[in-house]
Amino acid sequence: MSLDLSTTRFAPSPTGRLHLGHAMSAVLSHDFARARGGRFLLRVEDIDPGRAREEHIAGIEADLRWLGLHWDEPAVRQSQRLPLYAEALERLKDQGLVYPCFCTRADIARSATAPHGPEGPLYPGTCRGLIAPDLDRPHAWRLDVAKATALAGPLTWCDERAGIVDARPELLGDVVLARKDAPVSYHLAVTVDDATQGVTDVIRGQDLFLSTHVHRLLQALLGLPTPGYCHHRLLIGPDGERLAKRHGALALADLRAEGVDPESIVAAFRQGRAPLGFRLSED
Ligand code: GLU
């Protein structure tokens with residue numbers, strides 16, 4: 001168990017170049033730990049074999065150095081921690097809380113009965129309750145969210161901006177915990193890693209707020225501690241659009257190449273402002 005006062009992490013996926021929104025998460029996470037004499041960790045979320053690229057990992061480290069952010073301990077790569085995630089999945093299987101799913105994306109999109117959640121159609125439960133699933137066929141593993149929430153009972157988490165939040169993992173439906181093409185999904189890997197790395201405070205963008213409903217449930221099912229959360233505001237571009245990876249021109253690497261002063265970017269985040277003509281989202 002860690003005796004540090006606070007441990008935070010920056011956990012980018014190396015599927016593209018970092019943008020200003022990533023810089024904001026990294027600065028806020030870094031400063032939170034440093035202000036408390038704690039640890040700031042870098043975790044590379046490279047579980048997507050089709051999309052993770054080595055060049056982006058080097059880019060992430062170069063961008064953080066350019067911003068003047070130093071992380072403690074060598075960066076952890078999720079691709080090197082697969083046995084940990086497999087063990088967690090086994091525990092959920094033993095509890096009968098996951099089921100194999102053979103559906104393709106097209107099957108799910110075609111389903112007329114798919115209920116809708118805040119982020120789009122939810123999995124309609126087609127494979128829930130299959131009597132004799134053929135595990136030799138390619139399959140994902142999904143969380144049976146109704147069964148899991150019934151077992152876990154009411155859960156909350158503490159969010160710096162939202163206060164005490166009631167966990168409602170059903171908003172995301174029966175999420176995938178292990179993919180057909182990857183042995184683990186974002187939700188399971190993040191939950192296991194935050195616990196095993198002793199992360200006490202998760203600081204990330206508001207776009208991941210809904211995911212925390214699922215992470216809180218997984219923590220309860222796996223007997224893991226619940227960190228404090230802060231889902232920070234997002235950056236809105238001069239065009240009124242939310243910043244996303246597809247805005248390639250705003251990659252930190254480009255700003256660096258153009259000679260933009262990294263200190264002015266970091267200073268803006270530290271003062272609760274958005275730099276370079278961006279503004280912060282309302283919620
Ligand atoms: N890997 C995720 C992303 O790049 C972030 C994970 C997290 O902070 O929980 O969007």
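Within segment 60-72, which residues are on the phi < 0 side of the Ramachandran plot, surrounded by fewer than 16 Cβ atoms within 10 Å (Cβ to Cβ) and part of a loop (DSSP other than H, G, I, E, B)?
The answer is H70, D72.
Can you tell me which residue among Q206, Q219 is within 16 Å of the ligand (Cβ to nearest atom), under 22 Å from L89 (Cβ atoms) and not hydroxyl-bearing (S, T, Y)?
Q219
Can you find even one residue in segment 73-82 that is near the ligand (Cβ under 10 Å from one of its atoms), surrounded by 21 or more Cβ atoms within 10 Å (Cβ to Cβ) and at pLDDT 95 or above?
yes
Name the single residue, out of those in segment 262-283 being in a helix (DSSP H, G or I), touching a residue at least 12 places away in the same chain (Cβ under 8 Å) and not β-branched (V, I, T), that is surrounded by the most Cβ atoms within 10 Å (Cβ to Cβ). Spell out how you get there, then give the answer.
So the first thing to find is which residues in segment 262-283 are in a helix (DSSP H, G or I), and the list is 262-270.
Imposing the further condition that a residue be touching a residue at least 12 places away in the same chain (Cβ under 8 Å) reduces the set to 262-263, 265-266, 269-270.
If we keep only those that are not β-branched (V, I, T) as well, we get 262-263, 269-270.
Numbers: P262: 18, E263: 10, F269: 23, R270: 11.
Checked segment 262-283; the qualifying residue surrounded by the most Cβ atoms within 10 Å (Cβ to Cβ) is F269.
Within segment 237-250, is even one residue in contact with an Asp or Glu (Cβ under 6 Å, 6 or more places away or on another chain), within 14 Å of the ligand (Cβ to nearest atom), in contact (Cβ under 8 Å) with a residue 60 or more places away in the chain and more than 16 Å from V145 (Cα to Cα)?
No, segment 237-250 has no match at all.
Conditions tested, residue by residue: (1) of a type in the set (V, I, T); (2) closer than 25 Å to R242 by Cα; (3) surrounded by fewer than 20 Cβ atoms within 10 Å (Cβ to Cβ).
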position: P115; (1), (2), (3): no, no, yes
position: I131; (1), (2), (3): yes, no, yes
position: R142; (1), (2), (3): no, no, no
position: G163; (1), (2), (3): no, yes, yes
position: D174; (1), (2), (3): no, no, no
position: S185; (1), (2), (3): no, yes, no
position: T191; (1), (2), (3): yes, no, no
position: V202; (1), (2), (3): yes, yes, no
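Mind checking which pairs have a first residue in segment 17-46 that is within 21 Å of G228 (Cβ to Cβ) and a second that is small (G, A, S) and part of a helix (DSSP H, G or I), Cβ under 6 Å, 6 or more apart or different chains?
Correct list of pairs: R39/A33; F40/A33.
Yes or no, residue by residue, for (1) over 23 Å from A189 (Cβ atoms); (2) assigned to a loop (DSSP other than H, G, I, E, B); (3) under 21 Å from the mean Cα position of the chain (by Cα); (4) in contact (Cβ under 8 Å) with a residue 40 or more places away in the chain:
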position	(1), (2), (3), (4)
L84	no, no, yes, yes
T113	yes, yes, no, no
D134	yes, yes, no, no
W141	no, no, yes, yes
K147	no, no, no, yes
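On the basis of being within 10 Å of the ligand (Cβ to nearest atom) and either without any contact (Cβ under 8 Å) to a residue 24 or more places away in the chain or not hydroxyl-bearing (S, T, Y) (or both), does L5 make the cut?
So L5 does not fit the description; no.
Please give the number of the condition I57 fails out of (1) farther than 29 Å from R256 by Cα; (2) surrounded by 15 or more Cβ atoms within 10 Å (Cβ to Cβ); (3) among the aliphatic types (A, V, I, L, M); (4) touching a residue at least 40 places away in the same chain (Cβ under 8 Å).
(1)
Among the residues of segment 222-231, is any in contact (Cβ under 8 Å) with a residue 24 or more places away in the chain, of a type in the set (S, T, Y), farther than 22 Å from E45 by Cα and surrounded by 13 or more Cβ atoms within 10 Å (Cβ to Cβ)?
Taking every residue of segment 222-231 in turn, none turns out to be in contact (Cβ under 8 Å) with a residue 24 or more places away in the chain, of a type in the set (S, T, Y), farther than 22 Å from E45 by Cα and surrounded by 13 or more Cβ atoms within 10 Å (Cβ to Cβ).
Quick check on my filter: what residues within segment 13-30 are out of contact with any His (no Cβ under 8 Å at 6 or more places or on another chain), more than 18 Å from E241 (Cβ to Cβ), near the ligand (Cβ under 9 Å from one of its atoms) and part of a helix (DSSP H, G or I)?
Result: S29, single match.
The values are calculated or read from the model by the stated rules, or taken from the named source; none is laboratory data. Every value quoted in this text rests on a predicted model; they were computed, and no experiment measured them. As a convention, Cβ positions derive from the backbone with ideal geometry for all residues, glycine included, and neighbour counts pool all protein chains shown.
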